[in-house]
Amino acid sequence: MQEALRFQPVDAEPVDHADIVVKARHLRRVAEGAARGLSLTIRGLRKAFGDNEVLRGIDLHIPAGQFVAIVGRSGCGKSTLLRLVAGLDAPTAGSIAFGEQPRAQDVRVMFQEPRLLPWARVLSNVEVGLGRERSSADAQARAERALVEVGLGDKRDQWPAVLSGGQKQRVALARALVSQPRVLAFDEPLGALDALTRISMQQLLERVWRDQGFTAILVTHDVAEAVALADRVLVIEDGRIAEDVTIDLPRPRRRGSAELAALEGAILKHLLEGSEDTSGL
Amino acid sequence: MSLIDSLPRVGAPKLPKVDGLIPWIVPLAIVLVWQLACVTGFVPSRVLPAPTDVALAGWKLLLSGELVRNIWVSFWRASIGFVIGGGIGFAFGLANGLSQLSAKLTDTTLQMVRNIPHLALIPLVILWFGIDESAKLFLVALGVFFPIYLNTLHGIRTVDPQLIEMGRIYGMTDGELFRRVIFPGALPSIFVGLRFALGIMWLTLIVAETIAASSGLGYMAMQAREFMLIDVVVLSILIYALLGKLADSASRALERLTLSWHPAFQKK
Ligand SMILES: Nc1ncnc2c1ncn2[C@@H]1O[C@H](COP(=O)(O)OP(=O)(O)OP(=O)(O)O)[C@@H](O)[C@H]1O
Ligand SMILES: [Mg+2]
């Protein structure tokens, strides 16, 4: 566990001098962590675009603070589900209920594209994440803290255009984190990154999730990523949850371990069989 | 020298002092050759007066106050016409970019009017306004309107919808969304319109002033032609060129200032 706490993203600058502060903050977060996440209950959720029934009855309960990964073939409705959870679209039928009525800034989404404002400096981009609290007195301090959290404290005055893909995505993460959301939904946030950056981002995601204790819903194409990060992996097929796999392995998980590989293999097999079925039709 | 010399390059050595002078080498050389051609009698002064003669004519007109007055009149017409036409074009661009209803209501009409070359309206405009100030202002405003309108509209319509969605997710109000996302996103395109409009502004003014005016640079040139003062004619043309360059430089400076975030404007 100590290892996970000390982890720094690969290209972050060393923050030894601030180590004690970081640890103290971490401990405080863990203490409030249980209260931070929101539980989520989905009942009979359906979504159709015209004749195209994408989601055909999703029933799901996610306990507060759980890390859930959603996998499934392209076009199976993962993004659609995420957008419904985030309130970006309205369901055709069914309901989504949070453990408590969330405020606007309690539910945040992160997309595959960083969606940074190119004409705003990194820090202002993070401030956008504060929503209505943008004009509060401590807005800038909070944005700075979020930037440090993702290891980009020294980039606050840069234009997004000069950042690397991974750094942009970390700014987007800081923006999503700055309002201290209680549910954070990720739609393939690492899909466009190279393998190494991806791994360091995965570790960053895991760290902030453990620090802040939000409920995480991660849509991904990468089954290895899903089993490495999540408490639970959902496989969506034909608009329903076809499998619900609990990943009961201690953290930090060692990439490439036999247990992870076995779980990954099982889920992949399921996905591939599904695709053979349809191609046979 | 390669063809893609104008593209940003890594580690290209910069000589700032010399760099600023390079664009002036060609114009200077032209003036020099021109002077030589006139002095040697290769070009008769009735066809093209020497640069020194033009400068002398300019000096005389400057002393009599005529030059400053005419430049001022033209500058004033250009500015007022630009502000009126550009302002209305910008307003319509915003309205039609932001509101479906407004676009449905007016866009087709405007697109139809756009296809009439505005200079073709000169006879009509003279009938309406005579050779009054309003005739010139009307023509300039009309000419400037369309590039500004079209580019503002285009800029707003092509703002990345993902950014707009992002803004909404993060709880921006309509006003904030406009200020922080839509307007900055449309700005590069608006500047394209601005630069086009400045070109059209001078063109329209020259034509309008040569045809129907009793003051201004174009009028000065036409008067000079009547009295065969070819040096003054050339002088007015040069001043037009200078004013055009000035307007362009101003808009570029503004562009650099407001688009400093844009990769194309970032200083290395
Ligand atoms: N706004 C929309 N209008 C119409 N159809 C849509 C819309 N959004 C999604 N769809 C359809 O819903 C289906 C599921 O799309 P969705 O984006 O949720 O898939 P996905 O699982 O996220 O795929 P991928 O893994 O490729 O991102 C697709 O068939 C898509 O065409
Ligand atoms: Mg998707």
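Here are some notes:
- Residue satisfying condition, being in contact (Cβ under 8 Å) with a residue 24 or more places away in the chain, of a type outside the set (Gly, Ala, Ser) and open to solvent by 40 Å² or more (accessible area, probe 1.4 Å), within set B:Leu119, B:Leu110, B:Leu127, B:Leu139: B:Leu119
Conditions tested, residue by residue: (1) buried (at least 20 other Cβ atoms within 10 Å of the Cβ); (2) within 13 Å of chain B (Cβ to nearest Cβ); (3) within 22 Å of A:Arg182 (Cβ to Cβ); (4) touching a residue at least 24 places away in the same chain (Cβ under 8 Å).
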position	(1), (2), (3), (4)
A:Leu82	yes, yes, yes, yes
A:Val85	yes, yes, yes, yes
A:Asp89	no, yes, yes, yes
A:Phe98	no, no, yes, yes
A:Met110	yes, yes, yes, yes
A:Arg115	yes, yes, yes, yes
A:Val122	yes, yes, no, yes
A:Gly129	yes, yes, yes, yes
A:Gln140	no, no, no, no
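- Tally, over region A:208-246, of residues that are part of a helix (DSSP H, G or I), open to solvent by less than 30 Å² (accessible area, probe 1.4 Å) and under 19 Å from A:Val109 (Cα atoms): 7
- Considering region A:179-188, and only residues there that are touching an Asp or Glu at 6+ places or on another chain (Cβ under 9 Å) and open to solvent by less than 10 Å² (accessible area, probe 1.4 Å), the residue that is nearest to ligand 2 (Cβ to nearest atom) turns out to be A:Val183.
So that you can scan it fast, the table gives a plain yes or no per residue for (1) closer than 30 Å to A:Glu100 by Cβ; (2) away from ligand 2 (no atom under 16 Å from the Cβ):
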position	(1), (2)
A:Gly153	no, yes
A:Ser164	no, yes
A:Arg170	yes, yes
A:Ala176	yes, yes
A:Thr197	no, yes
A:Met201	yes, yes
A:Arg207	yes, yes
A:Ala216	yes, yes
A:Val219	yes, no
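- Any hit, region B:197-218, residues being in contact (Cβ under 8 Å) with a residue 40 or more places away in the chain and out of contact with any helix residue (DSSP H, G or I) (no Cβ under 8 Å at 6 or more places or on another chain): yes
- Subset of region B:68-79 [over 12 Å from B:Leu243 (Cα atoms), among the hydrophobic types (A, V, I, L, M, F, W, C) and touching a residue at least 12 places away in the same chain (Cβ under 8 Å)]: B:Val73
- Residue match in region A:176-185 (condition: in contact with a strand residue (DSSP E or B) (Cβ under 9 Å, 6 or more places away or on another chain), on the phi > 0 side of the Ramachandran plot and within 16 Å of ligand 1 (Cβ to nearest atom)): no
- Residue check, A:Leu130 assigned by TED's automatic domain parsing to the domain that holds A:Gly191 and either in contact with a Ser or Thr (Cβ under 6 Å, 6 or more places away or on another chain) or within 16 Å of ligand 2 (Cβ to nearest atom) (or both): no
- Residue in region B:164-172 that is among the basic types (Lys, Arg), part of a helix (DSSP H, G or I) and away from chain A (no Cβ under 14 Å) present: no
- Residues in region A:185-200 that are part of a loop (DSSP other than H, G, I, E, B) and either in contact with a Ser or Thr (Cβ under 8 Å, 6 or more places away or on another chain) or under 22 Å from A:Lys78 (Cβ atoms) (or both): A:Glu188, A:Pro189, A:Leu190, A:Gly191, A:Ala192, A:Leu193.
- Top-ranked residue of region A:161-178 - restricted to ones that are surrounded by fewer than 19 Cβ atoms within 10 Å (Cβ to Cβ) and more than 12 Å from chain B (Cβ to nearest Cβ), ranked as farthest from A:Leu88 (Cα to Cα): A:Ser164
- Restricting attention to region B:234-268, the residues that are basic (Lys, Arg) and more than 14 Å from chain A (Cβ to nearest Cβ) add up to 2.
- Within region A:142-160, being open to solvent by less than 50 Å² (accessible area, probe 1.4 Å), more than 22 Å from A:Asp106 (Cβ to Cβ) and either of a type in the set (Val, Ile, Thr) or at the interface with chain B (Cβ under 10 Å from one of its Cβ atoms) (or both) holds for A:Trp159, A:Pro160.
- Taken together, B:Phe145, B:Phe196 contain a single residue that is under 13 Å from the mean Cα position of the chain (by Cα), more than 14 Å from every other protein chain (Cβ to nearest Cβ) and modelled with pLDDT of 95 or more, which is B:Phe145.
- Lone unmet requirement of (1) within 17 Å of the chain's Cα centre (by Cα); (2) modelled with pLDDT of 90 or more for A:Gly33: (2)
- Filter result (more than 8 Å from every other protein chain (Cβ to nearest Cβ), of a type in the set (Val, Ile, Thr) and in a helix (DSSP H, G or I)) within region B:173-185: B:Ile182
- Checking A:Arg56 against (1) of a type outside the set (Phe, Trp, Tyr); (2) open to solvent by 40 Å² or more (accessible area, probe 1.4 Å); (3) within 16 Å of ligand 2 (Cβ to nearest atom); (4) away from chain B (no Cβ under 14 Å), the condition it does not meet: (3)
- Condition met for B:Asp160 (more than 11 Å from every other protein chain (Cβ to nearest Cβ), on the phi < 0 side of the Ramachandran plot and surrounded by fewer than 16 Cβ atoms within 10 Å (Cβ to Cβ)): no
- Test: residue in region A:67-76 that is more than 16 Å from ligand 2 (Cβ to nearest atom) and over 28 Å from A:Ile267 (Cα atoms): no
The values are calculated or read from the model by the stated rules, or taken from the named source; none is laboratory data. Keep in mind the model is a prediction, meaning the values are calculated, not measured. Quick reminder, even Gly has a Cβ in these numbers, built from the backbone with ideal geometry, and neighbours come from all protein chains shown. We work out accessible area using only protein heavy atoms, side chains counted, and drop any ligands, DNA or RNA first. Shrake-Rupley method; radii C 1.70, N 1.55, O 1.52, S 1.80 Å.
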